[in-house]
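First comes the structure, then the notes that go with it.
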2 protein chains.
Amino acid sequence: MLNEFDLFKDFLHKQRLRWTPQRKMILDIFLSFEGHVQIETLHEKIREQDPSIGIATLYRTLKLLVDCELVEAHSFQNGKKTYERMFHVRHHDHLICTSCEKTIEFEHPLIEKYQVEICEAHGFTMKSHKMELFGICDNCRIKNNTLSFL
Amino acid sequence: MLNEFDLFKDFLHKQRLRWTPQRKMILDIFLSFEGHVQIETLHEKIREQDPSIGIATLYRTLKLLVDCELVEAHSFQNGKKTYERMFHVRHHDHLICTSCEKTIEFEHPLIEKYQVEICEAHGFTMKSHKMELFGICDNCRIKNNTLSFL
DNA sequence: ATTGATATTGATAACTGTTATCAATATAGA
DNA sequence: TCTATATTGATAACAGTTATCAATATCAAT
């Protein structure tokens with residue numbers, strides 16, 4: 001059974017790149033997080049373990065991990081990128097309460113199917129997708145109704 | 001019938017901010033584009049009409065337009081933001097090429113229907129949603145295949 | 001129309017996240 | 001062990017964006 005380390009090693013080997021302690025440590029620490037991770041968060045954790053590792057190496061290694069498709073990069077409004085594990089993780093979407101920020105994860109096979117169809121119809125090869133539904137959850141709705149009498 | 005200019009004026013007035021020729025011109029030029037517009041594109045067009053307008057004013061005005069919900073800001077991998085008209089525009093989702101960043105807008109009524117169902121099933125009242133499909137467009141796929149023979 | 005408080009402007013310095021440069025060092029195949 | 005070369009950390013450079021500031025424009029009150 002393949003794991004991320006073997007996949008990364010293979011990838012490096014095929015590209016005639018090298019397996020180094022720094023790359024091992026960065027992958028190790030990256031995998032210790034779940035969901036979207038920021039460079040800053042990774043950098044802090046890495047410094048704890050070994051302050052001698054430079055920030056450039058972190059960026060370089062993440063780029064390699066993206067190249068070998070173990071990791072996906074996302075951009076957000078504040079200009080910072082986040083990195084997300086892509087291997088051995090089941091895809092899911094998010095339902096987000098705009099009032100209390102509670103999030104629920106869900107999957108919907110039919111929606112996934114249509115997404116692929118849409119991509120194909122436009123000549124795209126789909127790599128990933130992101131769907132976020134924003135609304136008001138039961139709790140908040142009831143709370144708001146109650147408060148509106150005040 | 002309200003238009004963008006009136007809405008923006010109202011918004012500024014309520015916030016005790018001022019209606020200026022620069023703000024008018026920037027909104028005017030922004031509306032002359034469709035879909036996603038980059039700061040750079042706007043800046044070029046503005047310089048044609050009035051080279052004295054500074055880039056800072058452009059950024060400031062766009063921020064105001066986002067605040068009053070006439071415009072939505074998006075971030076992409078290359079670190080640049082794009083701005084999208086949000087008023088008098090039918091809701092749509094995005095298909096984004098991760099290679100050349102081309103975006104295509106689409107709608108899918110069935111997906112919208114399922115989204116509502118999912119929200120209801122979790123006791124949410126849906127307010128809005130965002131769906132982005134990431135992939136490789138035809139052009140980039142062909143280009144990459146060709147280059148891989150070199 | 002004039003006034004005056006203050007919001008806005010353009011120029012540009014500063015800032016932030018990321019990438020490129022480079023000399024010293026580490027890696028891995030022979 | 002040896003050697004070609006990939007990698008490293010420090011830091012300069014870079015790009016997009018935001019903050020600063022003195023001069024100017026706006027607009028409500030007069």
DSSP beta bridges in segment B:1-89, what fraction antiparallel, as a percent rounded to 5?
100 percent
For segment A:25-84, which trypsin sites (Lys or Arg not before Pro) are both in a DSSP coil and crowded by at most 13 other Cβ atoms within 10 Å?
A:80
The farthest towards the positive end of the charge dipole of the protein assembly as shown, of the residues B:103, B:140, A:54, given +1 on Cβ of Lys and Arg and -1 on Cβ of Asp and Glu, is A:54
Taking the protein assembly as shown and counting helices only, DSSP H stretches of n ≥ 4 at -39,500 (n - 2.57) each over all residues, the nearest-500 ellipticity at 222 nm comes to -14000 deg cm²/dmol
Per-residue mean of C-beta atoms belonging to partner chains within 10 Å, peptide B:107-120
4
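Taking 8 Å as the Cα distance limit and 6 or more residues as the minimum spacing, I'd like the relative contact order of chain B as a percentage.
On the way: 130 pairs, mean separation 25.6, N = 150.
Computed over chain B, the figure is 17 percent.
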When you count, for each residue, the other Cβ atoms within 10 Å and take the mean per peptide, how do B:12-23, B:64-75 rank with the highest first?
B:64-75, B:12-23
What spacing in nm lies between the two simple spin-label points modelled at residue B:117 and residue A:142, each 7 Å away from Cα in the Cβ direction?
2.6 nm
Need the C-alpha centroid separation for segment A:42-94 versus segment B:81-144, integer Å.
24 Å
How big is the A/B interface in buried accessible area, both sides summed, 1.4 Å probe, to the nearest 100 Å²?
3300 Å²
Quick one: if the Förster radius is 51 Å, what FRET efficiency do residue A:22 and residue B:60 give, using the C-beta to C-beta distance and rounding to 0.05?
0.75
Quick check on my link table: of A:14/A:45; B:102/B:127; A:130/B:80; A:102/A:143; A:24/A:45; A:130/B:45, which ones sit more than 22 Å apart, alpha carbon to alpha carbon?
A:14/A:45; B:102/B:127; A:130/B:45
Order the following by accessible area, largest value first: A:59, A:83. Probe radius 1.4 Å; ligands, DNA and RNA are ignored.
A:59, A:83
With labels modelled as points extended 7 Å from the Cα through the Cβ direction, what inter-label distance (nm, one decimal) is found for residue B:14 paired with residue B:105?
2.4 nm
Which distances, in nm and shortest first, link the residue A:7 label point to the same label point in every other copy, taking 7 Å along Cα→Cβ?
4.3
Counting only DSSP beta bridges with both residues in chain A, tell me the antiparallel percent, nearest 5.
75 percent
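The values are calculated or read from the model by the stated rules, or taken from the named source; none is laboratory data. Note that the structure is a prediction, hence the values are computed from the model and not measured. For neighbour counting, all protein chains shown are included, and Cβ atoms are generated from backbone atoms with ideal geometry for every residue, glycine included. We work out accessible area using only protein heavy atoms, side chains counted, and drop any ligands, DNA or RNA first. Shrake-Rupley method; radii C 1.70, N 1.55, O 1.52, S 1.80 Å.
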